[in-house]
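Derivation of every value follows stated rules applied to the coordinates shown; laboratory data play no part. Remember, it's a predicted structure, so these values are computed and weren't measured experimentally. Glycine also receives a Cβ, built like all others from the backbone with ideal geometry; neighbour counts cover every protein chain displayed.
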Amino acid sequence: MRILAVDLGDKRVGLAVSDVSGIVATPKPAFHFKNLSYSVDYLSNISQELEVDHILVGMPLLLSGSHGEQANKVKEFIKELRKKISIKIEILDERFSTVEARRRIFENTSKKSQTRMKNLDSPAAAVMLQSYLDFSNKI
């Protein structure tokens, strides 16, 4: 089963996909969030192209666990995505995924590369997906 993880932002949408065996998450190129309709169509197309069976969408909860403005945008996005595709869509707490992605990249890259690092959307989606896979494989 192949899983696609989505990290929805105001400017970019980060993506990561699992291998067919559900063990490894790999970042895919992020795309620019133009509008809701474009992003839903893009994800519908890429989910078909990658032959995914399941989509994880990161929910940006506040530290308190409550929903803020960005979480409400993600809920609207999920609502529209469910109208467009029929595969399973699951919501996953994405708190700290960007922080963890930044930490991992900083540990594994040179100082020169770190200064050029700007787009953490897809690495954050990969962190979220890898955590999900690791947890799922323990059960």
Exercise for the section: Order by neighbour count: Ile23, Ile89, fewest other Cβ atoms within 10 Å first, most last. Expected result: Ile23, Ile89
Exercise for the section: Give me the distance in nm between label points sitting 7 Å out from Cα along the Cα-to-Cβ direction at Met1 and Asp19, one decimal. Expected result: 1.8
Problem - For Val17, residues with placed amide H under 5 Å, excluding near neighbours - result: Ala5, Thr26, Lys28
Exercise for the section: Can you find, among Met59, Gly14, Ala25, the residue farthest towards the positive end of the dipole of region 1-89? Put +1 on the C-beta of Lys and Arg, -1 on that of Asp and Glu. Expected result: Met59
